[in-house]
Structure formats: structure tokens, C-alpha cells
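Quick notes on the structure that follows.
FYI, it's all coordinate maths here, none of it is from the lab. Being a predicted model, the structure only gives us computed values, none of them experimental. FYI the Cβ positions are ideal-geometry reconstructions off the backbone, even for glycines, and counts take in every protein chain you see.
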Amino acid sequence: MERDYTPVSAPEDPEIAFCIRKVDSGIFTPLLSTAEIGTRFDISMPEGYFTFKPSRRPPVFVATGTGIAPFCSMVRSGVTGFTLLHGVDSPQDLYYQLKLEPVADLYVACISSEHQSPSEYFRGRVTDYLKKHLPPAKYDFYLCGRREMIREVTWLVDERFPGSLLYSELFY
Ligand SMILES: Cc1cc2nc3c(=O)[nH]c(=O)nc-3n(C[C@H](O)[C@H](O)[C@H](O)COP(=O)(O)OP(=O)(O)OC[C@H]3O[C@@H](n4cnc5c(N)ncnc54)[C@H](O)[C@@H]3O)c2cc1C
């Protein structure tokens, strides 16, 4: 059984850390969540290209759920000066908020569920926030998370933010 995971730790950290959501209908994560401490897993060398590329355009990070992982890693490696939108169903899923909010130029928690959420959160999806509140300009967009979010934000960037660059990492 093989699954992909993105570390939240930085390459230079002495230990590797992950943020993994248990998918009840899944195969691997229910096993992982009940594995005894000491259970052995094989981990291959890291692969992929979703890394921070400094440029003159302001970076906008957009994550859904555990898609926050690569941005934690980038921040641990010293990246600052970014806008971060984190889209989740409810505030309890705002992983790493306390670490990310203080170093972001702008941190926006987008809560999509109907339930009552504190007023400091944006009520809606990350796409709603981008449409209504991100000023028109050329940005470097970094997207990580669900396929639907990546598809919708890609369309939106084409439409509203011409001249921007877009990097994406699809989790599921
Ligand atoms: C490049 C890459 C990096 C990834 N990094 C992470 C990570 O850091 N943390 C993490 O939690 N997952 C990450 N994933 C997703 C991960 O690889 C697994 O798909 C996930 O853990 C589910 O595995 P499973 O065997 O339990 O479920 P599966 O049996 O593989 O899938 C069951 C169903 O659950 C859906 N599903 C998969 N992930 C989720 C999810 N998070 N929420 C809701 N439904 C889901 C699948 O689309 C499928 O329909 C990453 C995927 C990729 C491709």
C-alpha cells in the first residue's frame, strides 16, 4: 500500500512531521490511526516540485484542509510576506493557525460550514474570498488541496488575475 504525504516539517528539521487526516472510508488512514507506536513504515525519498520560488510578485497561498502542510513547511524554512487562505469546514480544522497567522501578511480562515463560526473568520469558500476581496494584481498563486478547489481557483486566476503564475499540488 502506497500513499503520498507532504511534510509539515522543513527539510532541515531533525524529525519529519506530517498532518494526516483520517478518511473513514479510506484504506490506509484508518490503519495508520490505530497503528501501535513502533509500527514500521517504509518512506521513500521526497519527490515533487511544489516548493517556494521567490519572485517580485506577491505570493498567495491557498489551501483546503490538510493542504496546509506544504505552507507550514515553507514557513518553517523562513518564507514570510505571503497571503494565506485556508479553507476548512469548521474552525477545529484550522491546523497550524497559531504558527502561520503571526508570520503571514494576511491570514484568512475561510469557513464553509453552515454552523455558527466566530466573526473573525471569513464565512464562505476560498474562491468566494478571492472573487470578492483580493485586489486585482499579478500574484504567484500556490494552491494545495482538493481537486475542485484547484480547478475553480485556476479558472478564477485566468479570469481575474491575468499575468499571475500558478503552482498547484493536488491531494485528492
Ligand atoms: C502529492 C500528495 C500529497 C498528499 N499529502 C497529504 C497530506 O499531507 N495529508 C493528508 O492527509 N493527505 C495527503 N494526501 C492524500 C493521501 O495520499 C491519501 O489519499 C489520504 O490519506 C487517504 O488515504 P486512504 O488510503 O485512507 O484513503 P483511500 O482509500 O486512498 O481513498 C478513499 C477516498 O477518500 C478520498 N480522500 C483522500 N484524501 C482525503 C481527504 N484528505 N479528505 C477527504 N477525502 C479524502 C479519496 O479521494 C477517495 O475517494 C496527499 C496526496 C497527494 C497526491
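At-a-glance table
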| item | result |
| --- | --- |
| Placed amide H near Gly87: partners under 5 Å, 5+ positions off or other chain | Ala63, Thr64, Gly65, Cys110 |
| Amide H within-cut-off set for Phe18, under 5 Å, with H built and near neighbours excluded | Val8 |
| Rounded Å value of the spacing that divides the Cα centres of region 1-22 and region 114-165 | 25 Å |
| Lysines with Cα under 27 Å of Lys132, excluding same-chain neighbours fewer than 8 positions away | Lys53, Lys99 |
| Antiparallel DSSP beta bridges within the chain, as percent of all bridges there, nearest 5 | 5 percent |
| The chain: most fluctuating residue of Asp42, Asp140, Asp158 per GNM, C-alpha cutoff 10 Å | Asp42 |
| Fewest-first sequence of Leu85, Leu31, Leu166 by Cβ atoms within 10 Å of each Cβ | Leu31, Leu166, Leu85 |
| Value at 222 nm in deg cm²/dmol, rounded to 500, when DSSP H runs of n ≥ 4 in the chain each add -39,500 (n - 2.57) | -6500 deg cm²/dmol |
| Angle in degrees between helix 147-160 and the longest Cα principal axis of the chain, rounded to the nearest 10 | 20 degrees |
| Ratio of the Cα radius of gyration of the chain to 2.2 N^0.38 Å, where N counts its residues | 1.06 |
| For Leu165, distant residues with modelled amide H under 5 Å away | Tyr139, Asp140, Phe141 |
| In region 102-166, the GluC sites (Glu not before Pro) that fall in loop regions by DSSP, at most 10 other Cβ within 10 Å | Glu114, Glu120 |
| Gain on full stretching of the segment that runs from Phe28 to His133 - 0.36 nm per residue minus C-alpha separation | 34.0 nm |
| Table column - 3J(HN,Hα) (Hz), region 131-146, Karplus curve with 6.51, -1.76, 1.60, x for Gly and Pro | 5, 8, 10, 7, x, x, 5, 9, 10, 9, 8, 10, 10, 8, x, 6 |
